[in-house]
Every structure is written in C-alpha cells, then in structure tokens.
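A short worksheet on the structure shown next.
The values are calculated or read from the model by the stated rules, or taken from the named source; none is laboratory data. None of these values were measured; they are calculated from a predicted model. Please note: Cβ atoms are built from the backbone with ideal geometry, for glycine as well, and neighbour counts cover all protein chains shown.
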Amino acid sequence: MGLSRQAHLNQALMGIPRRAEGADRSTLAMTFVSAGSFSAMLHSTDHQILYGRRGTGKTHALLYLSNLIERTGDVAVYLDLRTIGSAEGMYTDSNLSPTVRGTHLLVDTLEAIQDELLAVAFGPEIGDQNALLLALDALAEAATAVEVVGEVEQETTLGGSAGSSGGIELSVSPNAPNARVSASRHESVAAQSRSRRTGVERHHVVFGPLSRALRGITSALGGARLWLLLDEWSSVPLDLQPLLADLLRRAVLPTPGVTVKFAAVERRSRLRQSSLNGDYVGIEVGADAASAVNLDDHMIFGNARSRAQEFFGQLFHNHTSARLAKMIYDPPPDPDSFIEATFRPNAFSELVRAAEGVPRDAINIAALAAQHARNEPIGLSDVRRAARDWYLRDKQTAINANEPSRRMLRLLIDEVVGRRRSRTFLLDQLDARHATIDELYDARLLHVLQRGIVDSKSPGTLYDGFAIDYGCYVDLHVRPRDRGGWLNSPRGVPPDELSLVKAAIDLATLV
Ligand SMILES: Nc1ncnc2c1ncn2[C@@H]1O[C@H](COP(=O)(O)OP(=O)(O)OP(=O)(O)O)[C@@H](O)[C@H]1O
Ligand SMILES: [Mg+2]
C-alpha cells in the first residue's frame, strides 16, 4: 500500500533543504519569500552588508538576488568565500605570518572573481567579448601584483600568558599607489619557550592597475551592471577581514557600474581596524558608501503574529509545493490550505512561535515534528517535542563549551521566566553589549525585539528589549506571559507609568 496523503504532506516538510546552497537557483527564485520591503531594499544598487544570524536566509537572499539580476540583463558574480583558494586552511595557518596569509587571501579572492567573469565572457549576450577578455587579463595581472606588507613583532613567554602584537601598515602615496595597512593584535597563548621576532613585512596593494582593470570590465559589459555578491564573509579569519574589506573599499566600491553586497554574521565580522595614526584599514559601515541591512530585524514580527504566520505559511508552501505536485493528486493550492491539511489547530502558530523568526530553525522544527506525527496531522505536542529536541540538539550545544554564556543563560531564565514569569526583558544598552549576551544572541538563545528604547525619565539611558528563546521554557506547564507586551507592539512605546530603570535587569545583581 502506498503512503497516505497525510504521510506525503509530512514527508514534504522533512525534505526541505536546510541550506540554500543545496538548491538550484531557479528553485530558490521560486521559493523565496520577501519579508516586508526586504526584497526591494536588497535589489537597490547601493553597496550593502547583509547581516543575519545563522539560518536567517542570507545565502537564499543573495542567490535569489542573483537570479533577479540576471533576468534584468545585469551580470551577477556570486562567491562563497569558504571555497576560494586552493591550499586548505592556509588563511588560518598560524605558522604563516598575517601578511603572507593576507596576501594569499586577496590574490585568491581576485582570482576567484576573475574566474567567474571568464565564464560570463564565454556566455551569450555579452557586451564586448574581446574587451572583456582583455580587461580580465589586466585583472589577473593586477591580482598577481597584490602583496601585503607590514611590521610584525612577536613575543612568546615561557609557560604563562604570552602576548603577541603585530602591526601591518598600509598607506597610499599619490604617485606610487602602494598601500600600507596598520593594525595591531593582542592575544594570549600558552607557550613553552620564549622567543622574540622583530621584522618588517611589507604590504603593497597596487590599486591603480586593479581599479583600471575593473573599469575596463564594466565598460566591456556595455551598460550592464556588475553585481558582486560575496557570501560567508565571516568564514574569513577575523584578523584578515579588515584587509579584504580595505581592498574592496579602495579598488571595488568606487568603480562606477559595480555593486557589492556581502553576507556576514555580525558578531563574527570585523570590517575595520583603527590604526595608531587615526586612519583605519577596512570599511567603515555607513561612511564608506556601504550600508548595513540586518535580516534579523526584518524577521521581527512582534505582536503581528499574523504577519509571522503569513511569512512562514508562504515559506512552507513554497518549499513543498513542487515536491507535493509530484507526490499527490490535487496538492494544497495555497499556504492556508497547506497549513490546514498538515497541522492540527494551533500547532502551526506554535511552530511559528518556536521558530522565533529564523527560517532554518522553523524548517528543522517542522521536519522533526513531521517525523513525530508520522501518518497523522502534526499536533501541538509534536511541535513542542520537536522544538525541545531542536533546542537541546542544536542551540544549546552551541554554547556547551562556553561556561560564562551557559551561566548567564541560566541566570536569565531563572530571573525572567522563573521569577518574573515573563519571556521578554529589558537591558540597559551598556549591559546589552556584554560579551555573553552577544554570544547568546548569536546562538539564537536570545532574540532582540527592539533596540534603543528611550527612557523619557532619563533620556541618556537607552535600553534594548529581548526575548528568551522558546526552547528555554517549552517544557513549563504555565506559559510565561509577555510582561513587556508593549515591546512587541508595532509602535513599541513603553506605557507612561512604567519605570524602565526598575523594569530592566541589572546583570551585575543576577546571582
Ligand atoms: N526568505 C526566505 N524564503 C524562503 N526560504 C527561506 C528564506 N530565508 C531562508 N529560507 C530557507 O531557510 C534555510 C536557511 O537559509 P540560508 O541557507 O540562506 O541561511 P544563511 O543565513 O545563509 O545561513 P548560514 O549563515 O548558516 O549560511 C534555507 O533552506 C532557505 O531556503
Ligand atoms: Mg549561508
């Protein structure tokens, strides 16, 4: 006997890819759901940094954009920065100096861009193929001339905390467009011996030929815009990120006809590094013609639960409809009928709550719930069990090795959920920058509902509004309330009688 209709619906949920790079681009173009104005903002020709935590849809957004770009006759170059370079682990090899690693990174990135453009040059409908091939030769030549230099001083001390500091300098002289980057590093390592190494390692980035080659490329494209989409920025070692950002700022961002978008996890990104002389290496977000777009902010649906349900309903329908069309006769024609056929009452809204605005978490929880439900419609208890499993399996393990964050989470759950019977809380922004809070947010154990809430009684103090992850309280019999219900409301204004100072949690007093 074949599978029942219900089992097929559940199987379709289990089969949704967890990562966007696993699907082909035309499928991604069809399955993409735009939250609010996000799609229009993404398609602007401004240089943008697309921030988002793991699984929020950065790759999907970039690949959807690349499809849109190609349909309008422009040229899209999508690069996954994890896959550039041939020597595995070279950028992280601590036996090599930062300057050598930096040089390899810059050269490999430029070569990867050149490779992608070569494929474009041999494709159909290209402006001026000869001119493009010549410009690509010039790009290859300019890439091989890139070199990072700098001063490095290292000291390692026997058996204790040891310091290492290094400086890479980058300066541009008007006649010889060489560059010198300034940076300093401090780190602690355990060491067995003491050694001191001082030397000068030079850093030259010849921007002139590079910029000329890029201008040659855009003019050969004959009016078509070149969109450079860089994914997985945060996979580049932190100390090398400012160097790559600097290359973009000086050579790529100013080129007319080029738009750069790159996707990064904010907490794992370092776009600029100050130097001692007040200058900086890298990109200053906002100032250097590059703005930041935060996918997490677009996924805050707040009290507008219906908007969240609409987004995720459409997402599940889009991701399952093609498969279902092959599996069953008369598949659900729209999101509402899909949800009605697949979930028992209230189970879908619970799934949306459990997802906390993160698509990959929603997909994983739905798949686990579908597994539990087998041949039946998915019920509330299936969703809760799945959310709990996902929380333990994925989210909590991410901070297992991080004792301070684990402890902070425990204290927050005890205080907010345990004592205050709430799921939301406020932190003074000075506290919100606490490293453990940042880590919990990055691990999707805390979620931001609002940033920069002003206290009318002391306007100098700003607060951020947080929610504790659903997985932290799913097992409780009594559901915590939204004590700070106003935090979720569309206007998000605190009630007049509320004292924010009293309402906020003082991290120093948590025990
Ligand atoms: N707006 C959306 N519409 C439809 N599906 C989406 C959307 N956003 C994300 N998804 C789906 O959610 C999953 C995770 O998305 P994606 O792989 O793009 O996340 P990511 O932010 O790139 O994660 P990572 O940081 O781990 O690379 C994918 O299956 C993707 O198709
Ligand atoms: Mg991705």
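Looking across segment 38-55, the residues that are hydrophobic (A, V, I, L, M, F, W, C) and in contact (Cβ under 8 Å) with a residue 24 or more places away in the chain come down to Phe38, Met41, Leu42, Ile49, Leu50.
Matching residues to (1) among the β-branched types (Val, Ile, Thr); (2) over 20 Å from Arg53 (Cα atoms):
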| site | (1), (2) |
| --- | --- |
| Ser234 | no, no |
| Leu240 | no, yes |
| Leu244 | no, yes |
| Leu247 | no, yes |
| Pro256 | no, yes |
| Val265 | yes, no |
| Val281 | yes, yes |
| Ala287 | no, yes |
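Apart from one condition, Ser44 fits all of (1) surrounded by fewer than 16 Cβ atoms within 10 Å (Cβ to Cβ); (2) within 24 Å of Ile365 (Cβ to Cβ); the exception is (2).
Restricted to segment 43-61, and to residues there that are hydroxyl-bearing (Ser, Thr, Tyr) and closer than 21 Å to Arg71 by Cα, the residue that is farthest from ligand 2 (Cβ to nearest atom) is Thr45. Just need a number here: residues in segment 47-70 that are away from ligand 1 (no atom under 12 Å from the Cβ) and either of a type outside the set (Ser, Thr, Tyr) or on the phi > 0 side of the Ramachandran plot (or both). Final tally of qualifying residues: 7. Checked against the criterion of being assigned to a strand (DSSP E or B) and closer than 13 Å to Gln241 by Cβ, segment 283-300 contains not a single residue that satisfies it. Please go through segment 452-472 and pick out each residue that is of a type in the set (Gly, Ala, Ser) and assigned to a strand (DSSP E or B). Result: Gly452, Gly465, Ala467. Looking only at segment 68-96, residues that are without any contact (Cβ under 8 Å) to a residue 60 or more places away in the chain and either of a type in the set (Gly, Ala, Ser) or away from ligand 2 (no atom under 16 Å from the Cβ) (or both) come to 14 in all. Only a single item in (1) hydrophobic (A, V, I, L, M, F, W, C); (2) more than 17 Å from Ala251 (Cα to Cα); (3) modelled with pLDDT of 85 or more is not met by Ala135, and it is number (2). The residue that is farthest from ligand 1 (Cβ to nearest atom), among those in segment 1-13 that are surrounded by 14 or more Cβ atoms within 10 Å (Cβ to Cβ) and among the aliphatic types (A, V, I, L, M), is Ala7.
For segment 432-451, the tally of residues that are crowded, with 20+ Cβ neighbours inside 10 Å and assigned to a loop (DSSP other than H, G, I, E, B) stands at 3. Selection over segment 16-46 of residues that are more than 11 Å from ligand 1 (Cβ to nearest atom) and either aliphatic (A, V, I, L, M) or modelled with pLDDT of 95 or more (or both) gives a count of 2.
Per-residue answers, yes or no, for (1) buried (at least 16 other Cβ atoms within 10 Å of the Cβ); (2) modelled with pLDDT of 95 or more; (3) touching a strand residue (DSSP E or B) at 6+ places or on another chain (Cβ under 6 Å); (4) assigned by TED's automatic domain parsing to the domain that holds Ala61:
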{"residue": "Glu356", "(1), (2), (3), (4)": "yes, no, yes, no"}
{"residue": "Ile365", "(1), (2), (3), (4)": "yes, yes, no, no"}
{"residue": "Leu368", "(1), (2), (3), (4)": "yes, yes, no, no"}
{"residue": "Asn375", "(1), (2), (3), (4)": "no, no, no, no"}
{"residue": "Asp382", "(1), (2), (3), (4)": "yes, yes, no, no"}
{"residue": "Ala387", "(1), (2), (3), (4)": "yes, yes, no, no"}
{"residue": "Asp414", "(1), (2), (3), (4)": "no, no, no, no"}
{"residue": "Thr424", "(1), (2), (3), (4)": "yes, no, yes, no"}
{"residue": "Leu430", "(1), (2), (3), (4)": "no, no, no, no"}
